[in-house]
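Here's the structure, in structure tokens; my notes come after.
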Amino acid sequence: MSNILTNIIFLPLFIAVILGVLRAPLKLLKVGAFFSSILVLLLVVFVIIDFDPKGNMQLITYLPWIQSAGIFYYIGVDALSLVVLTLIVLLMPPLYLYMYHEKRKGYWYNMMILQTGVTGAVLSLDLMLFYLFWETMLLPIFIMIGMYGSGMHQYNSMKITLMTILGSMSMLFSILYIGYIYFETYGIWSFSLDKLSLLSFNPQTSLWLTAGFLLAFVIKIPLVGFHTWMAPAYGSAPTPAVVIMSSIMAKLGIYGIWRFGFTLFEETLLFYTPFIITIALIGLLYYAIRAVSENNLRRMFAYSSGSHLSLIALGLFVNNIYAWGGSLYFIATHALASAGMFIMIGLTYQRFRTLDINSLGGIAQKAPLFTFFFAFFALSIAGIPGTGGFVAELLIIIGAFKENFILGFLTSFTMLSAMIYIFWMLQRVLFGQPNNSTPFADLNIKETLMLLPLVILLILTGVVPSLFTPYFEPYLTQLLGVAS
Amino acid sequence: MAKRAVVQNNMLELIIFSILTLFMLSGAIVMITSKQTLFSAFGFLITMVGLAGMFALLDSRFLAIAQIMVSIGAVVVLSLLTILTINARESNLPDEPNKYKWMVFSSLLIAPITFLLYKSLLTLNSNFSDMPTSTSKVVGELLFSQWVLPFEIVSILLLTAMLGAIIIVKDPRKKEEV
Amino acid sequence: MSPDLFYLLVSLLFSIGLVGLLSRKNLFVIYMSIELMLSSVNLLLATLSKVLGDANGSVMALLIIAIIAAEAALFLAMIIHLYKEIRTIDADEFNQLSEAEQC
Amino acid sequence: MLNIIVILPFLSAFIMAVVYLSNTKPQRYFFYTLIGVGSPTIITILSLLSAYELLNGAPTIHTTLLTWINIGEFNIDISFMADKLSVVMISFITFIATFIHIYAAGYMKDDEAYGKFFSYFNLFIGSMLLLVLADNPIMMFIGWELVGLSSYLLIGFYHTESQNITAANKAFILNRVGDFGFIMGIALLFVSLEGTGFTFSSIKENISLIPLDTLNLIGIFLFVGAMGKSAQIPLYVWLPDAMAGPTPVSALIHAATMVTAGVYMVARYSFIYEELPDVGLFIAYIGAFSALLAAIIASYQSDIKKILAYSTMSQLGYMFIAVGLGAYSSGIFHVFTHAFFKALLFMGAGGIIIALHHEQNIFKMGGLKKQLKLVYITMFIATLAISGIPPFAGFFSKDAILMTTYASEHYLIWIMATFTAGLTAFYMFRLFFSVFHATPKEPLSVHSLDKSITYPLIVLAFGSATAGFLGVNAAYGGDALINNFLALPDRLTHISHSTEYLLGGLNVLLALSGMLLAYKMFAATANEPIENTFFSKLIINKFYVDEFYVMLIVKPIHLSSHLIANFIDPKIIDGFISIQINTYTKVAVLFSKLQNGQVRYYALYILTGLSLMSCYMIYKLGVI
């Protein structure tokens, strides 16, 4: 039980390695991947059952790894990582179901490695370990876009990789420098989060170190100004990679700021707060307006997800429990909704072989069930009440109002931002007369089953948020207590 | 008297040295400037001869003889033979319109190196020792005592070079027929 | 008579060899320039041998002469071979290392 | 009981949606009808029961279903409350909605998506009930948004026509603009009252804690929500376009649900607006202008449903005048009477449209009084009621509002309202005469109507005729039953009975003259209005407000989107990155040129380096 987290992280990688060594046939590979994701899901369910919402870091594993450099294999879970962890493992099985027809083996291996990368990044509490996993998850994305993408995929995969690596490099410098400062102060090397949080930096250094971290996370999110990799990468990546990028990796940017930024640079972040809030507010409308004239469905939702991630970042930097709760809640619900949406877009592509909005249309006539799911996910992205997004947006708006009136007023524009493009998109994609004579099959039973959990979760998060909030509410209260 | 003889001797040496230097340098310059390969080879020949004279001037008679026998008798003659064998026509010679520009340019480039080289050489002893060292006897003794391994290696090298040259020159098309 | 003049001669010969190496395209001239540079080193060795009153320098020079001979054999063989292949002794024709062409 | 009232429609909507999605073939007509009509019937009975309970003096009913969220001080329950106001609302909403459902069962019989329609319909009712019965602003907001969503779904029900979807989008987006205001109001309210609980009753108790400035903002923001939902200036443009949906939808939107939500909301927050007379006056002016504008536009329209739509907007303007001036009960009373006759008018119009094979232009109809006798009679009652002819329902409610305006001494509002009353009679009878009396230009083939379509008309006609008696003023010998029951914080106005009679007489006179004018102009032959003068052109084109909005909002958004797509993203932001990339590329090209394969050059490079190093050494060692 004590090394359950290790199992969660490395099980997919382990299975991937075993299957790879055995040169498993495709069928076994599929079964193995799916089985691993289900097994991990079960393990996480165990973790959730045992989880004590009032406690701090739990299920800690602390093993020496590279002792001379003070690098430890140090993992643990608290409310924050539990939220992200849960949504990662929830999304994997549907993705594997979605990939059912995929024949290229590398695809499956990449997904398994990716899962290890993201779960590891979420659970690690040692900065070097975190950096390792952070880079691990980039590689499969690079391969998946570069090898299995469409359009200008090679160019785009280079673009995302270079931009992300720029961020990672700056983060690595910051990490190393922090370690060095620790070494200066205490005479030993350490990269463990709890030890480093004892350090105090001089203000000037701290600004640079924080900037190093922020750059990595902000590119990953991405906020406006750091976003030009996003639309091309989303546009040409295969659907599972898009889902992971939008639903998990982008959220890891937020998670990173939360976990590392707030722990290490509490005061310095205050300095950056006005900038980030401004950028996030701009992003909220900027992406939404940009999405209006976008004719590629997937790229449109890339911008949409940028818009919502800006809102999440905004909530993160507004220092009160409503905004934080909203942010954390939004991380989960937006992940579910955008995963569903991108899967629907993938299914549309499988049927029509195009994602150009102008050549779609009339789907509602041919496929009611498909229309229902499509519209549901689109509306839940728009934050209709009854889906989780609404709760989160409401909380963030309230938090912003609590901060000050102007901020609240500007944040409320999130109510309008999604409207601008989503409804027009729905009109052109689902309704009207078909522009495309390709026969359009409705969802089959497998696809419905794959999407149904997402729908149910979204509705549950929207209708009874009280089922979920107790898991992170004490944590936030505690955090705020520390902060104030 | 003896002193005067030394001075005279020195003067003589200097004159010989100057003449040889003149020959060598002009030979070298002819070598690198002339378009015709054969003229270059003659320039080279002159330089080599001058070099042999220099060895003689430095009391290394054995070296001087070796130089004449090997460098001139073998190497330069071999080069000349090769040039004649190939007998490249005017059209097959490389077209070098910018030859002099290049020379000026690279001279400028090399001037500091030369200068530095010269300067660093000047830091060595600037007096000849009077010991008559490089007699054939001494050289022979050294060669077959301390230097016997390098000597053997060089002999193997020569053998290898000979074999290599034969293999390289062999016509590849004929080899395929075999 | 001082060794300084010899040093100067050595430097000049070496440099002339370098200039020839750089500025000519004719393979023979390049070859001879290389020989010239080697020979200038030889001269330096002989000079130093005299300066130090040590015969080792002369021995080395002797060995170098042998090496010059070996080199000559190989170099000339290669020139002949290349001339047979593409009928030219222009060094610039042999540019298979070029990056630009493959791009 | 309240739990059941709210949940049942959602549940039935869910069941029908699942059944419909699992098999979309048009069958199971009976099943859908049973569930679709059954659930409103049950909730009607339950609503009337709860109304009866309150009538008998029971206190406000509170029920809690479950905890919704619990973060910090943000403790929200899914809980419902039935006080007198909401009980009145749910009684007539469910009652009228039930008849509209029955009517729809006949109207939509042949539609392929019958099940989907009823699913949406029940969702609509459920959301409206959630809105009305909510115990806290958050739940109310959820209902409020869901009403918008279901109206979107229903207006765009005939989704193969792209323009219907455009209309639906328009409705939803404008509603969302309203919601934008509403949510700001709620958030501000919550933040100002943080820690004292967030149900209507606790807000009412603590309202004095909020500084007046903030309260003003809250009032205005909340009213922005009402503007959107109740189609007032400037957010009204969706309402006429919303006629794209099936006629029962129009009846439901206009009569019982949705548009009345705004009025209800203001009445619900009466304890706030009570404190803010200035905001109230603003609301009243907005209402007055909306009423007048809509009446003028309606007089020049020729689509039967659009005339009715504008008349709704006009009547809503009346309601806002009332609530703005503090006469909350009169406003709600007008909502109540209006529901009856407006539902009736729409259902009658729907009947006519079906009978004439989906013809909607009133000038292509005519002389229908013979063929559609029942529709004729019921429509006549409804028209009288809306025009304010005593003793029909509209007279009493409208009269109460006009009196309030007069008594409040804001005479401009009074003049506008009174003039609008005359205009209302004119355009309603214009419609009525053109449809039923005028000689048709070409012979019409009329198709008989189903019983499920006609019978609800009779019930509603009865209601239109008599509903007004619930609120007869003291001046007319009644004791304003409904006002007393509602017990809202009305601003009391004193006005002598003689003035009241005078005002009532004036209204009736104006209405009659409008009616006469309409008779003169349209009873014999009805001609379509033509755009001959500047003025008529302006009105027929609805004052070009739509075009104005397109130019002011839609165009700039598209333009800025293109600007971002074609300039800011690729040029400025990517520009920084591509400058670097270009530099690298150019340098790389330069280097690849250096590497030209000629060893001579390589030697040259080496020597260059050596030479530079030598220069440096000469300089550094001071050899010179």
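Taken together, D:Thr166, D:Thr160, D:Thr98 contain a single residue that is out of contact with any Leu (no Cβ under 8 Å at 6 or more places or on another chain), under 23 Å from D:Phe336 (Cβ atoms) and hydroxyl-bearing (Ser, Thr, Tyr), which is D:Thr98. Among the candidates A:Ala378, A:Ala382, which residue alone is more than 7 Å from chain D (Cβ to nearest Cβ) and modelled with pLDDT of 90 or more? Step by step, each of A:Ala378, A:Ala382 is checked, and only A:Ala378 is more than 7 Å from chain D (Cβ to nearest Cβ) and modelled with pLDDT of 90 or more.
A quick yes/no check of all residues on (1) polar (S, T, N, Q); (2) at pLDDT 90 or above; (3) in contact with a strand residue (DSSP E or B) (Cβ under 7 Å, 6 or more places away or on another chain):
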| residue | (1), (2), (3) |
| --- | --- |
| A:Ile38 | no, yes, no |
| A:Asp50 | no, no, no |
| A:Pro53 | no, no, no |
| A:Asn56 | yes, no, no |
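May I ask you to list the residues in region B:122-155 that are at the interface with chain C (Cβ under 7 Å from one of its Cβ atoms), within 22 Å of the chain's Cα centre (by Cα) and at pLDDT below 80? Matches in region B:122-155: B:Ser134 only. Scanning region A:162-194 for residues that are closer than 20 Å to A:Leu63 by Cβ and surrounded by fewer than 18 Cβ atoms within 10 Å (Cβ to Cβ) turns up A:Ile188, A:Trp189, A:Asp194.
Among the conditions (1) closer than 30 Å to B:Lys137 by Cα; (2) within 14 Å of chain D (Cβ to nearest Cβ); (3) more than 12 Å from the chain's Cα centre (by Cα), the only one that C:Lys50 does not satisfy is (2).
Could you grab me the full set of residues in region A:417-443 that are at pLDDT below 85, in a helix (DSSP H, G or I) and facing chain D (nearest Cβ under 7 Å)? Selection gives A:Met419, A:Ile420.
Mind checking which residues of region A:218-269 are open to solvent by 10 Å² or more (accessible area, probe 1.4 Å) and in contact with a strand residue (DSSP E or B) (Cβ under 9 Å, 6 or more places away or on another chain)? Matches in region A:218-269: A:Gly235 only.
Does any residue of region B:70-85 turn out to be open to solvent by 90 Å² or more (accessible area, probe 1.4 Å), assigned to a helix (DSSP H, G or I), more than 8 Å from chain C (Cβ to nearest Cβ) and out of contact with any His (no Cβ under 7 Å at 6 or more places or on another chain)? Within region B:70-85, one or more residues are open to solvent by 90 Å² or more (accessible area, probe 1.4 Å), assigned to a helix (DSSP H, G or I), more than 8 Å from chain C (Cβ to nearest Cβ) and out of contact with any His (no Cβ under 7 Å at 6 or more places or on another chain). Go through region D:519-576 and report how many residues are of a type in the set (A, V, I, L, M) and over 30 Å from D:Leu368 (Cβ atoms). So the count comes out to 15. Considering only region C:17-32, state which residues are part of a helix (DSSP H, G or I), within 20 Å of B:Ile83 (Cβ to Cβ) and either within 7 Å of chain B (Cβ to nearest Cβ) or open to solvent by less than 10 Å² (accessible area, probe 1.4 Å) (or both). Passing the criteria: C:Gly17, C:Gly20, C:Ser23, C:Phe28, C:Val29, C:Tyr31, C:Met32.
Scanning region A:28-86 for residues that are under 24 Å from A:Gly179 (Cα atoms), part of a helix (DSSP H, G or I) and open to solvent by 10 Å² or more (accessible area, probe 1.4 Å) turns up A:Gln67, A:Ser68, A:Ala69.
Considering (1) touching a Phe, Trp or Tyr at 6+ places or on another chain (Cβ under 7 Å); (2) open to solvent by 10 Å² or more (accessible area, probe 1.4 Å), the lone condition that D:Ala284 does not fulfil carries the number (2).
Might you let me know whether region A:317-336 holds any residue that is more than 14 Å from the chain's Cα centre (by Cα), away from every other protein chain (no Cβ under 14 Å), buried (at least 20 other Cβ atoms within 10 Å of the Cβ) and touching a residue at least 24 places away in the same chain (Cβ under 8 Å)? Checked against the condition, which is being more than 14 Å from the chain's Cα centre (by Cα), away from every other protein chain (no Cβ under 14 Å), buried (at least 20 other Cβ atoms within 10 Å of the Cβ) and touching a residue at least 24 places away in the same chain (Cβ under 8 Å), region A:317-336 yields at least one hit.
Just wondering, is there one or more residues in region B:98-107 that are touching a residue at least 60 places away in the same chain (Cβ under 8 Å), facing chain C (nearest Cβ under 10 Å) and not in a helix (DSSP H, G or I)? Checking region B:98-107: not a single residue is touching a residue at least 60 places away in the same chain (Cβ under 8 Å), facing chain C (nearest Cβ under 10 Å) and not in a helix (DSSP H, G or I). For region D:378-419, the tally of residues that are assigned to a helix (DSSP H, G or I), among the β-branched types (Val, Ile, Thr) and within 19 Å of D:Phe333 (Cα to Cα) stands at 7. The helices (runs of 4 or more DSSP H) falling completely within region A:238-355 that include 1 or more residues that are farther than 22 Å from A:Asn156 by Cα map to A:250-256, A:266-292, A:297-317, A:321-352. The residues of region D:225-261 that are open to solvent by less than 10 Å² (accessible area, probe 1.4 Å), part of a helix (DSSP H, G or I) and over 23 Å from D:Ile354 (Cβ atoms), listed by number, are D:Gly225, D:Ala226, D:Gly228, D:Lys229, D:Trp238, D:Val259, D:Thr260, D:Ala261. Taking D:Val323 as the residue in question, decide whether it is among the aliphatic types (A, V, I, L, M), assigned to a helix (DSSP H, G or I) and within 19 Å of D:Val87 (Cβ to Cβ). Yes: the conditions hold for D:Val323. Screening region A:137-183 for residues that are of a type in the set (Ser, Thr, Tyr) and touching a Ser or Thr at 6+ places or on another chain (Cβ under 7 Å) and picking the one that is modelled with the highest pLDDT gives A:Tyr182.
Applying the set (1) of a type in the set (Lys, Arg); (2) within 9 Å of chain D (Cβ to nearest Cβ); (3) farther than 19 Å from A:Val292 by Cα to A:Lys446 leaves exactly one unmet item: (2).
From the list B:Thr21, B:Thr33, the one residue that fits, being farther than 16 Å from C:Glu35 by Cβ, touching a Leu at 6+ places or on another chain (Cβ under 7 Å) and among the hydroxyl-bearing types (Ser, Thr, Tyr), is B:Thr21.
As a summary of the residue check, D:Ser192 satisfies the conditions (1) among the polar types (S, T, N, Q); (2) open to solvent by less than 20 Å² (accessible area, probe 1.4 Å); (3) free of Cβ contacts under 8 Å to residues at least 60 places away in the same chain except for the one numbered (2).
Going by what's in this entry, would D:Phe333 be described as at pLDDT 90 or above, assigned by TED's automatic domain parsing to the domain that holds D:Thr405 and not polar (S, T, N, Q)? For D:Phe333, the condition - at pLDDT 90 or above, assigned by TED's automatic domain parsing to the domain that holds D:Thr405 and not polar (S, T, N, Q) - is not met. Checking each residue in region C:33-89 for being open to solvent by less than 50 Å² (accessible area, probe 1.4 Å) and not in a helix (DSSP H, G or I) picks out C:Gly53, C:Ala55, C:Thr88, C:Ile89.
Of the helices (runs of 4 or more DSSP H) that lie entirely inside region D:527-624, those containing 2 or more residues that are within 14 Å of chain C (Cβ to nearest Cβ) span D:574-594, D:599-621. Taking the conditions (1) more than 30 Å from A:Glu102 (Cα to Cα); (2) in contact (Cβ under 8 Å) with a residue 60 or more places away in the chain; (3) in a loop (DSSP other than H, G, I, E, B) in turn, A:Ser206 satisfies each one other than (3). Number of residues in region A:287-312 that are open to solvent by less than 10 Å² (accessible area, probe 1.4 Å) and more than 10 Å from every other protein chain (Cβ to nearest Cβ): the value is 13.
The values are calculated or read from the model by the stated rules, or taken from the named source; none is laboratory data. From a predicted model like this one, the values you see are computed outputs, not experimental measurements. Here the Cβ is made from the backbone with ideal geometry for all residues, glycine too, and neighbour counts use every protein chain on show. These area figures cover heavy atoms from the full protein model, side chains too; ligands, DNA and RNA do not enter into them. Shrake-Rupley method; radii C 1.70, N 1.55, O 1.52, S 1.80 Å.
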